[in-house]
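The values are calculated or read from the model by the stated rules, or taken from the named source; none is laboratory data. Every value quoted in this text rests on a predicted model; they were computed, and no experiment measured them. Cβ placement follows ideal geometry from the backbone for every residue including glycine, while neighbour counts extend to all protein chains displayed.
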Amino acid sequence: MANVRRDDVDEDRFIAAIATRMNSRVSDVSAGIRSSLEGDIAELRGDPRTGELLGASVEANVGTILNALRYGLPVAGIQAPPAAVEYARRLAQQGTPSTALIRAYRLGQRRMTELVFAELHTLTIPADERITVVERITAILFEYIDRITEQVVAVYDEERARWLENQNSIRAIRVREVLDGRTSIDVDAVTEAIRYPLRWQHLALVLWYPDSDTDAIARLQRWVRELADAVGVAAAPLIVAADQVSAWAWLPYRAEPGDRVADIRKVAGARQGAPSIAIGAVGAGLDGFRHSHRSAQRARAVALARGLHTATVVAAGDPGLAAAALLGADLGEARAWVYDVLGELACDNENDARLRDTLRVFLRTGSSYKAAAAEVDLHFNSVKYRVGRAVARRGRPIGDDRLDVELALLACHWYGAAVLRPSTG
C-alpha cells in the first residue's frame, strides 16, 4: 500500500469540507453566478427560456466541480454536463458569438474562485497548509474550466455549422443583416437575394411551440404558408428559423392590409396544432420591416414572461401590451413596483384577479360604471361593488396616481403571476 502523507490527508479534508458546505447551497451559488454573467455579458441576456437554460448550465457545472473537489475526482475524466452542452447548442442556433460563451466560462471561473476562497476563510487551517489548499483548488478550477470550455466550444462550432447548413443560410443571414441595421442595405439587391418584397407593406410574426418539438421548424414553415393563404397575402411569406422551436415570418401586402389580427386569431383557433403567435404592427418599406419584427418580438417577450404552457396569440396592438412590455426588462423590479401601487390588490388569487380586471376596464372606459358593465357583462351595481372592493383592497383611493394604477393593472393583466405576490390564503 502506498504511503500517504498526513499533510495530504488534511488538505483533502479541508477541500472536501469547503465543497460540502458550498454544495449544500448549490442553487444559491449558481443563481449568483448566473446573475453575474448576465450582468457582465450583454449577449447572454436572451429570452426567458434561454436564460433558464443558462441557469441550468451554471448549476450543472457548479455541481460537477464541487463533486470533483469533494471526492478528489480527476478532472481529466470529466465530460461537460448535458445542460452545458445544450446551452452551447442554443447559443449557436441563435447566432450568439462564441466569444460570449468563452467569456462566460472565464468570468464564471473567477466568480467561483472568489466564492470558494470566501468559504476557505471560514475554516481554521494552519498557515503552511492554507497555501497548498489554495494552490490545489486554483489548479483544479483552472483545469476544469479549460477542459469544459474546450468541449462546449467544439459543440458550439459543430452546431453552428450544422445549423447554418440545414437552414437556408444565405437567406437567413441576409435577413438578420437587414434587421441588424448597422450596415447600408441595397434594398433591391436584398429583395432579390431573400426573394421577398422589402418595399411593400409587412406584417411580422414570431411563432413558436410552447413545448420542445424535434420537427418544430418544418411544422412552423408549413403552418405559416397555410396561414398566408388564409389571410390573403400578395406574395409568398418570408420564413426564417430563429432557433430549434421558433421562427420569424413576414406576410407581404402591396397596400395597407388593415387589421389582420382577428383573421390570424380565427385561423389559429380553428386549426389543431397551431403554434403560439406574436403579431407585430404593420409597417411599410425597410424601416417597417424592422419595426414590425421588433414589435412582434416585444409581444412575444410578454407572452413568454407570463409562462403560458398552451398555445396563445398576442399582438403588439392589443390594448396595453406595448406599455406592459416596457416593464418586462426587470420583472423583479416590476413586481415590487406593482405591489407599491396596488397593495393587497396585487395578490395572486381568483378574487383579486376579478377585482383587478373590473377596475382595469372601469378606468379604461372613463370611470363609467355603465360602460364597464356592458364590457364585462355584469350588472351596473356589481361593477360598482367590485370597484369599491378593489379600491379597499388597494388600501387608498385612486387620485393623482391614477396613471400608475392603470399601468400596474395592465402589468398584472399581461404578466399574471410573474408580477403578483403569492396569496397568503
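Annotation: of all residues in the stretch 75-98 being at pLDDT 95 or above and loosely packed, with under 15 Cβ neighbours inside 10 Å, the one that is nearest to the chain's Cα centre (by Cα) is 82. Identify, from the list 129, 119, 135, the residue that is surrounded by fewer than 13 Cβ atoms within 10 Å (Cβ to Cβ) and either part of a helix (DSSP H, G or I) or touching a residue at least 24 places away in the same chain (Cβ under 8 Å) (or both). Of 129, 119, 135, the one residue that is surrounded by fewer than 13 Cβ atoms within 10 Å (Cβ to Cβ) and either part of a helix (DSSP H, G or I) or touching a residue at least 24 places away in the same chain (Cβ under 8 Å) (or both) is 135.
For the stretch 326-416, the helices (runs of 4 or more DSSP H) that sit wholly inside it and include 1 or more residues that are touching a Leu at 6+ places or on another chain (Cβ under 9 Å) and under 30 Å from residue 45 (Cβ atoms) are 331-342, 350-364, 402-415.
Condition check: at pLDDT below 90 and among the aromatic types (Phe, Trp, Tyr). Does residue 380 satisfy that? When the stated conditions are applied, residue 380 passes them. Of all residues in the stretch 166-175, at least one satisfies being of a type in the set (A, V, I, L, M), outside the structural domain of residue 16 (by TED's automatic domain parsing), touching a helix residue (DSSP H, G or I) at 6+ places or on another chain (Cβ under 9 Å) and free of Cβ contacts under 8 Å to residues at least 12 places away in the same chain. Condition check: under 19 Å from residue 413 (Cα atoms), of a type in the set (Val, Ile, Thr) and assigned to a strand (DSSP E or B). Does residue 302 satisfy that? It is false that residue 302 is under 19 Å from residue 413 (Cα atoms), of a type in the set (Val, Ile, Thr) and assigned to a strand (DSSP E or B). One residue stands out in the stretch 349-374 among those that are touching a helix residue (DSSP H, G or I) at 6+ places or on another chain (Cβ under 8 Å) and farther than 23 Å from residue 338 by Cβ: the one that is surrounded by the most Cβ atoms within 10 Å (Cβ to Cβ), namely 373.
On the basis of being modelled with pLDDT of 95 or more and either assigned by TED's automatic domain parsing to the domain that holds residue 410 or in contact with a helix residue (DSSP H, G or I) (Cβ under 6 Å, 6 or more places away or on another chain) (or both), does residue 288 make the cut? It is false that residue 288 is modelled with pLDDT of 95 or more and either assigned by TED's automatic domain parsing to the domain that holds residue 410 or in contact with a helix residue (DSSP H, G or I) (Cβ under 6 Å, 6 or more places away or on another chain) (or both). Reported count of residues in the stretch 294-320, each being closer than 26 Å to residue 238 by Cα and more than 17 Å from the chain's Cα centre (by Cα), is 5.
Every residue, every condition in (1) more than 21 Å from residue 142 (Cβ to Cβ); (2) at pLDDT 95 or above; (3) assigned to a helix (DSSP H, G or I); (4) assigned by TED's automatic domain parsing to the domain that holds residue 125, yes or no:
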site	(1), (2), (3), (4)
22	no, no, yes, yes
35	yes, no, yes, yes
38	yes, no, yes, yes
46	yes, no, no, yes
51	yes, no, yes, yes
58	no, yes, yes, yes
70	no, no, yes, yes
73	no, no, no, yes
